[in-house]
Structures are given as structure tokens and as C-alpha cells.
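The values are calculated or read from the model by the stated rules, or taken from the named source; none is laboratory data. Quick caveat: nothing in here was measured; it's all calculated off a predicted structure. Note: ideal-geometry Cβ built from the backbone for every residue, glycine included; neighbour counts use all protein chains shown. Calculation scope for accessible area: heavy atoms of the full protein, side chains included, ligands and nucleic acids excluded. Shrake-Rupley method; radii C 1.70, N 1.55, O 1.52, S 1.80 Å.
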Amino acid sequence: QVGLIRTNSHTTKMKIVCSILALLACALKVQAFSSLSGIAVNPLKGGDSVNLEQYLKNPDGKTLFIFGTYAADFNAIEYLQRLKYYIPRLKETGVSKFGVVLNCQPEAALAVAEMVDLDTSEVDIFVDNEGIAGKQFGVNTGWLKDNEDVNPYVKLFGMLFGLGAWATLPAVIGGYIGNPFVPQPWIEDALAVGQKKGRWPDTALEIGEDGTIVNKFDELPVVGDWPRRPLELATLRLQSMIGISIQNWDELSPDDEALQAGVLTQLGGCVVTDSNGQTLFERKDTGICAVTNFEILLKKC
């Protein structure tokens, strides 16, 4: 009987422990999905701020919302380039609403959207000059985020080598070596937009008058049939850096208030929600050039 009592006591304790663990798991799950609470974003065209939780409730289906960075940033540009290409494919999965917030002034947001040929009739663009919405969402705010005495450009330089943003170097190197497994068809689309707008390098594609495209990376020996060829993404990033970021720096760069708020080193992320605004997919970027892979995103939708 003593043994039986001890066994029952042990079983009771185990049940209590399991119950506590289950409650903790539920609490953690709720915490992960409550990061959108209290976030407000400002429409590009002005007017009252929009409560993000309410915006994400979409009776017509799912919603994709991107927390971008400042307008001249690699990550912001790549998010817009990827979104432009994937909107039709995302619609096939039931995503019917698309929103992006950029950490800049309205003029800069509109300018960079035009530079990548993003259809603003398909996408709701919001602005948040000091990146408050992203911070509330919990994005990575970069290296030495609490050291106000360090120049923000010094912080950014350190992040280029992976400081405070571990995925930067793998993402950059990956642009050179390619990927024999995962396709990235948006790259060719973005390169074509850049070439049509006169951005250099402008020899990666041959674009016919009828719109047909011959991708010269397909002609590379051995690796030409890879889903993502070596140097292809690196070429696009060079094109974006020179033709968008550098040439338009005065128009797209953060102003003094934004710099003080730390947007130069702030990363972004994205979220996909169902019709009730409940999170289906969430990602917070882990480095410069290390934004969400939309091929993975499609599978999560």
C-alpha cells in the first residue's frame, strides 16, 4: 500500500508538471502572436494612423505585411523586388492583401517603389520614419543599439561583417556562389526592371523588343542550369546598390531624426495572417541581405 501511495503521489506530481508545462507553452504561443498589439502605421498618402491589428483582419483572405527598413537599404529594396514578382503567386495561395511599412518619409517610399516598378495599386504602403512599428514587432535593431555615442555609420559598417547580424555574410556570399537547390526567379525579373531603367550592370540579360528574355547566366558551364546561378544575385545587388541606393542617396537616405532613432541599422521582417488577423507565418530578419525567402513563404501560406 505504501508503494501504491508513492506511485500515485509520483503520478500526481507528473500530471501537475505536465499541466504547468502545457500552460507555459500556451503562454509562450500567445506571447509570440501578440507582438502586433498596439502597433500603428501611417498611410503613404497621409491621414490618420492605421491600427495594424485591425488592418490585418481581412474578410477576403490572408494578408502579407512587411516591416521594411529605410528606403535606400538593401533589405527594403529586395523586399519590394521580391514582392513585385510574387504577388500573383501569393494570390494563388489565398493572400489577397499586401502591406509594407518603410522607415522613411513618404516621398522616399514612393520613389523607391517606382524604382522597382512595384504596383502601388496592389500594395498598401505605409511610412514610419523612426521605425517604431518594426521595433514594436521586435525586429533586430542592430549592433551596439544602446551605444548612442557610436556613429550609426560605424555600427552599420560592423554589421556588414556580421556584428549583431550573424546572417549577413552567409547571405552576401550566397549571392556569389548561387544555390543548386532553391530557385529564386524574382532575380531575373528585378534585373530586367533595372536594365529597362538604364541601371548598370546592364549586360546580364538580353531583352527582346517583344519582351522575351535571354538570361546569360543560363549559359554558364556546369552551373547554368542551377535554380539560382552563381553571381546572378550578386549582379542584381550591385545594380541596386549603384543604380538605386548610391545614385539616389540624397532622396532615399534617412534624415537626422531617423538616424537618431537607429533606423540605419534596424532590420525588418514580415508576417502572414489569416482572415481573422491570426498569425500563420512570422519572420524577423537576421542580417543585411538576409530577408525572407518567398519560396519558403509560399509553402507556409
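Scan 149, 117, 60, 124 and give me the residue that is of a type outside the set (Ser, Thr, Tyr) and without any contact (Cβ under 8 Å) to a residue 24 or more places away in the chain. Among 149, 117, 60, 124, only 149 is of a type outside the set (Ser, Thr, Tyr) and without any contact (Cβ under 8 Å) to a residue 24 or more places away in the chain.
One residue stands out in the range 254-301 among those that are in contact with a helix residue (DSSP H, G or I) (Cβ under 9 Å, 6 or more places away or on another chain) and among the polar types (S, T, N, Q): the one that is nearest to residue 35 (Cα to Cα), namely 279.
Among the residues of the range 128-165 satisfying the criterion of being closer than 19 Å to residue 237 by Cα and assigned to a loop (DSSP other than H, G, I, E, B), which is most open to solvent (accessible area, probe 1.4 Å)? It comes out as 161. Checking every residue in the range 267-275 against the condition of being crowded, with 17+ Cβ neighbours inside 10 Å and more than 30 Å from residue 54 (Cβ to Cβ) gives zero matches. As a summary of the residue check, residue 184 satisfies the conditions (1) crowded, with 18+ Cβ neighbours inside 10 Å; (2) outside any loop (DSSP other than H, G, I, E, B) except for the one numbered (2). Residues of the range 55-103 that are of a type in the set (Gly, Ala, Ser), closer than 30 Å to residue 259 by Cβ and in a strand (DSSP E or B): 99 alone. Across the range 101-114, which residue is farthest from residue 39 (Cα to Cα) among those that are without any contact (Cβ under 8 Å) to a residue 60 or more places away in the chain and open to solvent by less than 40 Å² (accessible area, probe 1.4 Å)? Checked the range 101-114; the qualifying residue farthest from residue 39 (Cα to Cα) is 113. Count of the range 117-127 residues, restricted to those that are assigned to a loop (DSSP other than H, G, I, E, B) and within 16 Å of the chain's Cα centre (by Cα), is 2.
Among the residues of the range 146-187, the ones that are of a type outside the set (S, T, N, Q), out of contact with any Pro (no Cβ under 8 Å at 6 or more places or on another chain) and under 18 Å from residue 241 (Cβ atoms) come to 15 in all.
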